[in-house]
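Peer 1: Let me give you the structure first, and then I'll get to my questions.
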Amino acid sequence: MINVPVYNMSGEQTGSMQVDENTLGGKVRLDLLKQAVVMWQSNQRQGSARTKNRARVQGSTRKLFRQKGTGNARMGNVRTCVRRGGGVAFAKLARHLRRDMPRKMRQLARNSALLAKMRAGNVLVVDPLEVAEPKTKPFHQMLKKLGADRGCVVATESPNAMIFKSGRNIPKTEVRQVHELNAYEILRRQKVIFTRKALEVVVASPKAYKAVAVEAGA
């Protein structure tokens with residue numbers, strides 16, 4: 001069992017929650033973590049960088065002059081790569097860089113990332129996490145008291161506009177619904193902050209990170 005500390009918004013520890021390691025797979029699978037991170041980073045690339053080959057350059061396809069008898073070197077059309085303004089000989093073409101992983105592998109990688117963070121002591125719960133109005137300064141002060149101002153992911157169990165608007169302008173801070181978490185986002189930030197209900201959802205549904213009521217209504 002792993003003890004996850006529970007804090008209030010003033011940075012004072014008020015208790016702890018226990019999480020069974022077997023709920024999150026029992027061990028950290030480094031190979032899956034690497035695949036998940038490479039997949040996420042690759043999917044952020046557009047792959048649209050390219051240069052024009054002779055087929056994509058505008059111009060006539062007519063041969064400039066006859067092959068023999070002029071005294072000049074033989075020459076094709078104006079699109080050839082040996083003429084100024086022509087196409088590139090070995091042009092760089094657009095690439096399809098998207099990768100994918102089976103859903104169960106993505107889920108297991110996400111659980112491994114969260115388990116690694118828990119073992120390192122970088123997961124905590126804030127209860128209650130309530131924001132009356134969307135203000136960045138008090139939210140940032142809370143993160144500073146929790147030691148999470150250098151980078152964190154805040155996970156809520158449901159959409160919360162006040163929390164999202166309060167944290168969206170803070171550098172290296174992401175506010176996500178718990179079912180939106182992925183292995184890369186968990187690993188890239190130093191701390192992971194849950195609301196109590198969000199962590200309860202993870203424990204109750206370690207595959208989908210969704211509450212049973214949400215799944216039944218979907």
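Peer 1: If I filter segment 32-77 down to residues being β-branched (Val, Ile, Thr) and under 22 Å from residue 89 (Cβ atoms), which single residue comes out as farthest from the chain's Cα centre (by Cα)?
Peer 2: Step one: list which residues in segment 32-77 are β-branched (Val, Ile, Thr), which gives 37-38, 51, 57, 61, 70.
Adding the requirement that they be under 22 Å from residue 89 (Cβ atoms) leaves 51, 57, 61.
Values: 51: 29, 57: 37, 61: 47 Å.
Result: 61.
Peer 1: Something else now. Does residue 101 fit the bill of being part of a loop (DSSP other than H, G, I, E, B), of a type in the set (A, V, I, L, M) and either in contact with a strand residue (DSSP E or B) (Cβ under 9 Å, 6 or more places away or on another chain) or on the phi < 0 side of the Ramachandran plot (or both)?
Peer 2: Criteria met by residue 101.
Peer 1: In the set 28, 6, 57, 37, which member is assigned by TED's automatic domain parsing to the domain that holds residue 197, assigned to a loop (DSSP other than H, G, I, E, B) and either in contact with a helix residue (DSSP H, G or I) (Cβ under 6 Å, 6 or more places away or on another chain) or modelled with pLDDT of 90 or more (or both)?
Peer 2: 28
Peer 1: Next up: Residues in segment 183-198 that are crowded, with 19+ Cβ neighbours inside 10 Å and within 17 Å of the chain's Cα centre (by Cα): how many?
Peer 2: Qualifying residue count, segment 183-198: 8.
Peer 1: Would a scan of segment 79-87 turn up a residue that is touching a residue at least 60 places away in the same chain (Cβ under 8 Å), among the small types (Gly, Ala, Ser) and either surrounded by 12 or more Cβ atoms within 10 Å (Cβ to Cβ) or within 20 Å of residue 172 (Cβ to Cβ) (or both)?
Peer 2: Looking for residues that are touching a residue at least 60 places away in the same chain (Cβ under 8 Å), among the small types (Gly, Ala, Ser) and either surrounded by 12 or more Cβ atoms within 10 Å (Cβ to Cβ) or within 20 Å of residue 172 (Cβ to Cβ) (or both), one finds none in segment 79-87, hence no.
Peer 1: Can you name the condition, by its number, that residue 76 falls short on among (1) surrounded by fewer than 11 Cβ atoms within 10 Å (Cβ to Cβ); (2) of a type in the set (Gly, Ala, Ser); (3) farther than 21 Å from residue 49 by Cβ?
Peer 2: Result: residue 76 passes all but (1).
Peer 1: Follow-up. Right, residue 71: free of Cβ contacts under 8 Å to residues at least 12 places away in the same chain, of a type outside the set (Val, Ile, Thr) and assigned by TED's automatic domain parsing to the domain that holds residue 156 or not?
Peer 2: Values: free of Cβ contacts under 8 Å to residues at least 12 places away in the same chain: yes; of a type outside the set (Val, Ile, Thr): yes; assigned by TED's automatic domain parsing to the domain that holds residue 156: no.
So residue 71 fails the test.
Peer 1: When you check residue 32 against the structure, is it surrounded by 15 or more Cβ atoms within 10 Å (Cβ to Cβ) and not basic (Lys, Arg), yes or no?
Peer 2: Judged against the criteria, residue 32 is a match.
The values are calculated or read from the model by the stated rules, or taken from the named source; none is laboratory data. It should be emphasised that the depicted structure is a prediction, and the values quoted were computed from it without experimental measurement. Every residue, glycine among them, receives a Cβ derived from its backbone with ideal geometry; neighbour counts consider all protein chains shown.
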